[in-house]
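Rule-based calculations on the coordinates, nothing more; no lab input. The structure presented is a predicted model; accordingly, all values stated were derived computationally and were not measured. Every residue, glycine among them, receives a Cβ derived from its backbone with ideal geometry; neighbour counts consider all protein chains shown.
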Amino acid sequence: MTRVRTDDAAADDPLVTLEFYDGPPRQTARELIAAARAVDEEMSFASQRGRRTAPATSTVEVRTGLHRWSLPAADRSRLAGVMTDRPGSSARVLDVVIAPEYRSTGVATAAIERTRIEGWFAAPGVSDFVVACAYGSHPAALRLARRFGAITVGERHHMVLPAMSAYRAPTADTSHDSASVSGDRWGALAERVVDDVVDGTGSIDLACGGPAVHTPATIHDAVTRLFAAGATSIEAAVDGRDDELIDLLRSAAFGHDRTDVLIQFDPRITP
């Protein structure tokens, strides 16, 4: 099903025109997403390499006639952003991608306003909360989330061991038997980390997908296995609540790189 808002229907909202359709993004939309992700990765605002997610079940293409000094004049056919909706384990997952040249222009705000008015989030029979992730604590994404009443429900720290030469065998805090965290807030994103070597960099998920227990021995085993497989550096994703696991990683010479923020809002409430 494809549904397009025409210019006449959008007379009260001249900034954006939206096209809704079922299924994942089409080719031009995928190209925009890839270009935007490349920019985000350079600025540490991209998701962790090796993560896999379920395909989108519905897509909104965002077009605008807005132009800036760095862009030629455009009509409404210029694609400026893509929004997707996919199922998570306990909520629906929203992904909003705006082309770099249209960021900080109000396009994302206008698009979300219109999709909520159009009822895209409130599908019949659906009452799940919607979640999204501000990778790298992207400030614009967090401001946008607050604008629509979202709340922060979790933080995930990315900690990096830059090289095997920097590694130190982790030591246990004598006040605790092990590092552990319970709960599954990050499971709502339904992301799966491939626990192997990706482009020469090891990627491991530690205590972000549900209850887990880690000791110096389990950390050492994961690190040595990844280096033996050819990793040049190792990145670990850790639930921000797990102070004991974070301390274990710091004792092994892992340093903090960036923090993702998990946000949630109720699609039934219009601000």
Report summary line: The long-range amide H neighbours of Gly154, using H built 1.01 Å from N in the peptide plane and a cut-off of under 5 Å, are Leu262
Query - Chain lengthening between Ala140 and Ser44 when straightened (0.36 nm per residue, less Cα-Cα) - result: 33.2 nm
Report summary line: Once amide hydrogens are built 1.01 Å from N within the peptide plane, the residues lying 5 or more places from Ala253 or on another chain with amide H under 5 Å from its amide H are Arg168
Query raised in the report: If you take the beta carbon distance between Ile117 and Thr259 as r and set R0 to 30 Å, what does 1/(1 + (r/R0)^6) give as a FRET efficiency, to the nearest 0.05?
Result: 0.40
Query raised in the report: Using a Förster distance of 51 Å, how high is the FRET efficiency between Glu101 and Thr171, based on the Cβ-Cβ distance and rounded to 0.05?
Result: 0.55
**Report entry** Two-site label geometry, Ala34 and Val213: point separation in nm, points 7 Å out along Cα→Cβ
**Finding:** 4.5 nm
Query raised in the report: What are the ³J(HN,Hα) values, in whole Hz, obtained from phi via the Karplus relation 6.51 cos²θ - 1.76 cosθ + 1.60 with θ = phi - 60°, for each residue of the stretch 216-223 in sequence order, with x given for Gly and Pro?
Result: x, 5, 5, 5, 4, 4, 5, 5
Query raised in the report: Using the per-residue mean of other Cβ atoms lying within 10 Å as a proxy for protection, in what order, highest first, do the peptides 141-148, 35-42, 246-253 fall?
Result: 246-253, 141-148, 35-42
Report summary line: Non-local residues with an amide H under 5 Å from the amide H of Gly88, with H modelled 1.01 Å from N and Pro and chain starts lacking one, are Val93
